[in-house]
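In what follows, a structure is listed as C-alpha cells, so that the remarks can point back to it.
The values are calculated or read from the model by the stated rules, or taken from the named source; none is laboratory data. Keep in mind it's a predicted model, so treat the numbers as computed, not measured. Positions of Cβ are backbone-derived with ideal geometry, glycine not excepted, and every protein chain shown enters the neighbour counts.
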Amino acid sequence: MYKQQKIIVVLPAYNAAATLEMTVKDIPEIVDEIILVDDGSHDETVAVARRLGLFISQHDKNRGYGANQKTCYRLALDHGADIIVMIHPDYQYDPKLIKHLVDFIAAGYCDVMLGSRIRSRQEALAGGMPRYKYLANRFLSFWENVLTGQNLSEWHTGMRAYKREVLEKIDLVKNSDDFVFDSQVLFQVITAGYRLGDIPVPVRYTAASSSINFRQSLKYGFLTLLIALKFFFNKTFTRRRQA
C-alpha cells in the first residue's frame, strides 16, 4: 500500500528537547522522512534533532504554533510528500499509531485523519487531561460538529494526517500564526469538500507535555467559536443565494 506513497512526518517543535527522542523512536518504519521545524526554542531541541538525523528548519524567533505548521507543510510538500503526518513532539500522542492514520488515506477512505484523545471521559481524565480542558474540548467539538454536519470525536488534536492534495489546495498562508490555526484548517478542509475521519489515541499528559495556559485556552475557545459561526452563516447564505 505504501510503495507508491512518500510519507513524511512533520514535528512543530518548541522547547521539546526532553521528549523529542522518545517521539522519534516510536515513529514507524513506513515513514520516509522526518522534518522538524524549531520555533525559536531556548533548550536543546535542535541539538537533539541533529543527533537523531532529522531534517531541521529553524525560525529566527518564536513566530507561533500556526506559523510553525505553515513551515512544516511547505517543507513537506517541497520534499515530495504524498501523505503528511503532523504530530506534536512532546510525546503526548503515540507515534506508533501513525501507520493507522496513513492506512485510511493511502487506501482512499479519507483525505484527512485525526488522532482523537476522547474515547471516554474516564480515560481522558485518567490520562492526565485537565478537567477544564476536557470540558472545553467537549463543548467546542460538539458545536463544531453541529455547525458543520461532521461527527468527529475531537477537533482539537495535535496528531493529524493529510493527503498531499489537501495541503496544496487550501490556503494555509492566510490563517493565524497562533493556536487557532488548527481549527481554521479543519474548516477549510470541510469547505473544500474533503473527507475527514478519526481514530482513538491514548491520552498522555505529563509534566513535559506542551500545553497552552488557561488564558490562551480562553482566547483559543472564543476564536474557534467565531470561526465556527462564520462558517455556518457563510454556508447558510450561500445556500439561500443559490436557491
Checklist line | strands (runs of 3 or more DSSP E) wholly inside the stretch 6-71 containing at least 3 residues that are touching a residue at least 60 places away in the same chain (Cβ under 8 Å) | finding: 7-13
Next item on the list: Confirm whether residue 162 is surrounded by 14 or more Cβ atoms within 10 Å (Cβ to Cβ), over 26 Å from residue 23 (Cβ atoms) and either among the small types (Gly, Ala, Ser) or in contact (Cβ under 8 Å) with a residue 24 or more places away in the chain (or both).
Entry: no
Next item on the list: Mind listing just one residue for me: the one in the stretch 51-98 that is aromatic (Phe, Trp, Tyr) and crowded, with 18+ Cβ neighbours inside 10 Å and, of those, farthest from residue 20 (Cα to Cα)?
Entry: 73
Next item on the list: Considering only the stretch 178-223, state which residues are modelled with pLDDT of 90 or more and part of a loop (DSSP other than H, G, I, E, B).
Entry: 178, 179, 180, 192, 193, 194, 195, 201, 202
Checklist line | Pairs where the first residue, in the stretch 182-196, is within 17 Å of residue 105 (Cβ to Cβ) and without any contact (Cβ under 8 Å) to a residue 40 or more places away in the chain and the second is of a type in the set (Lys, Arg) and outside any loop (DSSP other than H, G, I, E, B), C-beta under 8 Å, 6+ apart | finding: 192/169
Next item on the list: Sort through 118, 35 and tell me the only one that's crowded, with 19+ Cβ neighbours inside 10 Å, under 30 Å from residue 193 (Cβ atoms), modelled with pLDDT of 95 or more and within 19 Å of the chain's Cα centre (by Cα).
Entry: 35
Notebook entry, point to check: If only one of 81, 124, 107 is small (Gly, Ala, Ser) and farther than 22 Å from residue 26 by Cα, which one is it?
Noted result: 107
